[in-house]
Amino acid sequence: RKQKQKRQFAVIGLGRFGGSVCRELHSMGHEVMAIDMNREKVEEYRPFSTHAMQADSTDERSLHSIGIRNFEHVVVAIGDNIQASILTTLVLKDEGVPHVWAKAQNHYHQKVLDKIGADVVVHPEFDMGKRIAHNIVSDKVIDF
Ligand code: ATP
(Lines give C-alpha, C1' and ligand atoms only; values in the text may rest on other atoms or scores of the structure.)
Protein backbone atom coordinates (compact mmCIF):
# COMPACT_ATOMS: atom_id res chain seq x y z
CA ARG A 1 0.00 0.00 0.00
CA LYS A 2 1.33 3.32 -1.04
CA GLN A 3 1.81 5.56 1.97
CA LYS A 4 0.27 8.98 1.74
CA GLN A 5 2.99 11.58 1.72
CA LYS A 6 2.94 13.94 4.66
CA ARG A 7 1.81 17.41 3.77
CA GLN A 8 4.46 20.06 3.91
CA PHE A 9 3.83 23.64 4.98
CA ALA A 10 6.05 26.72 5.03
CA VAL A 11 5.41 30.14 6.51
CA ILE A 12 7.42 33.13 5.30
CA GLY A 13 7.35 36.11 7.66
CA LEU A 14 6.94 35.51 11.38
CA GLY A 15 5.03 38.60 12.48
CA ARG A 16 1.82 38.27 14.50
CA PHE A 17 -0.12 36.73 11.60
CA GLY A 18 2.54 34.40 10.17
CA GLY A 19 3.69 33.48 13.65
CA SER A 20 0.18 32.48 14.64
CA VAL A 21 -0.28 30.35 11.48
CA CYS A 22 3.06 28.65 12.15
CA ARG A 23 2.36 27.87 15.82
CA GLU A 24 -1.08 26.51 15.04
CA LEU A 25 0.10 24.19 12.24
CA HIS A 26 2.88 22.97 14.49
CA SER A 27 0.57 22.38 17.45
CA MET A 28 -1.74 20.38 15.17
CA GLY A 29 1.21 18.08 14.47
CA HIS A 30 1.98 19.20 10.93
CA GLU A 31 5.41 19.69 9.48
CA VAL A 32 6.02 23.39 9.12
CA MET A 33 9.10 25.28 7.99
CA ALA A 34 9.38 28.79 9.48
CA ILE A 35 11.26 31.36 7.40
CA ASP A 36 12.17 34.95 8.23
CA MET A 37 14.98 37.31 7.28
CA ASN A 38 15.29 38.38 10.90
CA ARG A 39 17.51 36.05 12.92
CA GLU A 40 15.74 36.78 16.23
CA LYS A 41 12.39 35.76 14.74
CA VAL A 42 13.95 32.55 13.46
CA GLU A 43 15.24 31.71 16.94
CA GLU A 44 11.89 32.62 18.53
CA TYR A 45 10.02 30.20 16.25
CA ARG A 46 12.49 27.33 16.40
CA PRO A 47 10.46 25.58 19.15
CA PHE A 48 7.22 26.09 17.23
CA SER A 49 8.28 24.69 13.86
CA THR A 50 9.89 21.63 12.31
CA HIS A 51 12.67 23.71 10.76
CA ALA A 52 13.32 27.40 11.20
CA MET A 53 15.63 29.23 8.85
CA GLN A 54 16.87 32.66 8.07
CA ALA A 55 16.37 33.68 4.46
CA ASP A 56 15.34 36.65 2.36
CA SER A 57 12.39 35.31 0.41
CA THR A 58 12.85 37.84 -2.39
CA ASP A 59 16.07 36.03 -3.29
CA GLU A 60 14.91 33.33 -5.68
CA ARG A 61 18.15 31.38 -5.35
CA SER A 62 17.70 30.92 -1.62
CA LEU A 63 14.08 29.77 -2.01
CA HIS A 64 15.19 27.43 -4.78
CA SER A 65 18.00 25.95 -2.69
CA ILE A 66 15.64 25.33 0.23
CA GLY A 67 13.61 23.23 -2.22
CA ILE A 68 10.53 25.38 -1.74
CA ARG A 69 8.80 23.70 -4.69
CA ASN A 70 8.38 20.58 -2.52
CA PHE A 71 6.05 22.39 -0.16
CA GLU A 72 2.38 21.95 -0.87
CA HIS A 73 1.27 25.11 0.93
CA VAL A 74 3.34 28.24 1.44
CA VAL A 75 2.01 31.22 3.39
CA VAL A 76 3.42 34.65 2.54
CA ALA A 77 2.92 36.65 5.72
CA ILE A 78 5.04 39.69 4.93
CA GLY A 79 3.00 42.78 5.70
CA ASP A 80 4.70 46.14 5.63
CA ASN A 81 6.99 45.53 2.71
CA ILE A 82 4.45 45.15 -0.09
CA GLN A 83 7.17 44.93 -2.72
CA ALA A 84 8.80 41.99 -0.90
CA SER A 85 5.42 40.27 -0.53
CA ILE A 86 4.70 40.60 -4.26
CA LEU A 87 8.14 39.46 -5.32
CA THR A 88 8.03 36.47 -2.95
CA THR A 89 4.62 35.42 -4.28
CA LEU A 90 5.92 35.63 -7.87
CA VAL A 91 8.97 33.51 -7.04
CA LEU A 92 6.80 30.88 -5.31
CA LYS A 93 4.46 30.55 -8.29
CA ASP A 94 7.47 30.45 -10.66
CA GLU A 95 8.96 27.65 -8.57
CA GLY A 96 5.69 25.75 -8.93
CA VAL A 97 4.32 25.84 -5.37
CA PRO A 98 0.73 24.59 -5.81
CA HIS A 99 -0.95 26.56 -3.03
CA VAL A 100 0.34 30.02 -2.23
CA TRP A 101 -1.55 31.87 0.50
CA ALA A 102 -0.71 35.55 0.70
CA LYS A 103 -1.59 38.18 3.25
CA ALA A 104 -2.66 41.54 1.83
CA GLN A 105 -2.16 44.84 3.56
CA ASN A 106 -4.77 46.81 1.59
CA HIS A 107 -7.09 46.53 -1.43
CA TYR A 108 -4.46 47.50 -3.94
CA HIS A 109 -2.09 44.86 -2.56
CA GLN A 110 -4.94 42.32 -2.63
CA LYS A 111 -5.64 43.05 -6.31
CA VAL A 112 -1.99 42.70 -7.30
CA LEU A 113 -1.61 39.41 -5.39
CA ASP A 114 -4.70 38.01 -7.14
CA LYS A 115 -3.40 39.10 -10.52
CA ILE A 116 0.05 37.55 -10.15
CA GLY A 117 -1.39 34.16 -9.22
CA ALA A 118 -1.65 33.92 -5.44
CA ASP A 119 -4.08 31.05 -4.86
CA VAL A 120 -5.68 32.50 -1.74
CA VAL A 121 -5.40 36.12 -0.65
CA VAL A 122 -6.28 36.93 2.92
CA HIS A 123 -6.76 40.33 4.45
CA PRO A 124 -6.97 39.46 8.15
CA GLU A 125 -8.34 42.67 9.67
CA PHE A 126 -10.90 43.05 6.89
CA ASP A 127 -11.92 39.36 6.89
CA MET A 128 -12.15 39.20 10.67
CA GLY A 129 -14.19 42.41 10.80
CA LYS A 130 -16.72 40.91 8.38
CA ARG A 131 -16.86 37.71 10.36
CA ILE A 132 -17.41 39.51 13.63
CA ALA A 133 -20.21 41.61 12.11
CA HIS A 134 -21.99 38.37 11.13
CA ASN A 135 -21.35 36.85 14.52
CA ILE A 136 -22.74 39.93 16.29
CA VAL A 137 -25.91 39.83 14.20
CA SER A 138 -26.45 36.10 14.73
CA ASP A 139 -25.58 36.45 18.41
CA LYS A 140 -22.86 33.82 18.11
CA VAL A 141 -19.65 33.45 19.97
CA ILE A 142 -16.56 33.77 17.74
CA ASP A 143 -15.90 30.26 16.45
CA PHE A 144 -12.17 29.65 16.65
P1 ATP B 1 1.82 41.34 11.67
O2 ATP B 1 0.77 42.41 11.51
O3 ATP B 1 1.34 39.99 11.30
O4 ATP B 1 2.55 41.37 12.97
P5 ATP B 1 3.21 42.84 9.76
O6 ATP B 1 2.11 43.01 8.81
O7 ATP B 1 3.61 43.99 10.63
O8 ATP B 1 2.94 41.59 10.64
P9 ATP B 1 5.88 42.69 9.00
O10 ATP B 1 6.33 42.94 10.40
O11 ATP B 1 6.08 43.69 7.96
O12 ATP B 1 4.38 42.27 8.97
O13 ATP B 1 6.54 41.34 8.48
C14 ATP B 1 6.39 40.16 9.15
C15 ATP B 1 7.73 39.45 9.15
O16 ATP B 1 8.18 39.27 7.81
C17 ATP B 1 8.84 40.17 9.89
O18 ATP B 1 9.29 39.34 10.95
C19 ATP B 1 9.91 40.40 8.84
O20 ATP B 1 11.22 40.20 9.34
C21 ATP B 1 9.58 39.34 7.79
N22 ATP B 1 10.04 39.70 6.45
C23 ATP B 1 9.87 40.87 5.80
N24 ATP B 1 10.44 40.84 4.59
C25 ATP B 1 10.98 39.59 4.44
C26 ATP B 1 11.72 38.93 3.41
N27 ATP B 1 12.01 39.52 2.26
N28 ATP B 1 12.12 37.66 3.62
C29 ATP B 1 11.84 37.02 4.78
N30 ATP B 1 11.15 37.59 5.79
C31 ATP B 1 10.74 38.86 5.64
Discussion item. Give me the residue from the stretch 21-63 that is small (G, A, S) and assigned to a strand (DSSP E or B) and, out of that set, surrounded by the most Cβ atoms within 10 Å (Cβ to Cβ).
Written reply: A34
Response to the item:
How many residues of the stretch 7-20 are part of a helix (DSSP H, G or I) and either at positive phi or more than 8 Å from the chain's Cα centre (by Cα) (or both)? The answer is 4
Worksheet item: Is at least one residue of the stretch 66-87 within 8 Å of the ligand (Cβ to nearest atom), open to solvent by less than 50 Å² (accessible area, probe 1.4 Å), in a helix (DSSP H, G or I) and of a type in the set (A, V, I, L, M, F, W, C)?
Response: yes
Fill in: Enumeration of residues in the stretch 111-128 that are open to solvent by less than 40 Å² (accessible area, probe 1.4 Å) and in a helix (DSSP H, G or I)
V112, L113, P124
Discussion item. Return the residues of the stretch 3-20 that are open to solvent by 90 Å² or more (accessible area, probe 1.4 Å) and without any contact (Cβ under 8 Å) to a residue 12 or more places away in the chain; say none if nothing qualifies.
Written reply: Q3, K4, Q5, R16
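The values are calculated or read from the model by the stated rules, or taken from the named source; none is laboratory data. This structure is a prediction, so every number in the text was calculated from the model and none was measured. Don't worry about glycine lacking a Cβ; one is built from the backbone with ideal geometry, like all the others, and counts go over all protein chains shown. Only protein heavy atoms, including side chains, enter the accessible area calculation; ligands, DNA and RNA are left aside. Shrake-Rupley method; radii C 1.70, N 1.55, O 1.52, S 1.80 Å.
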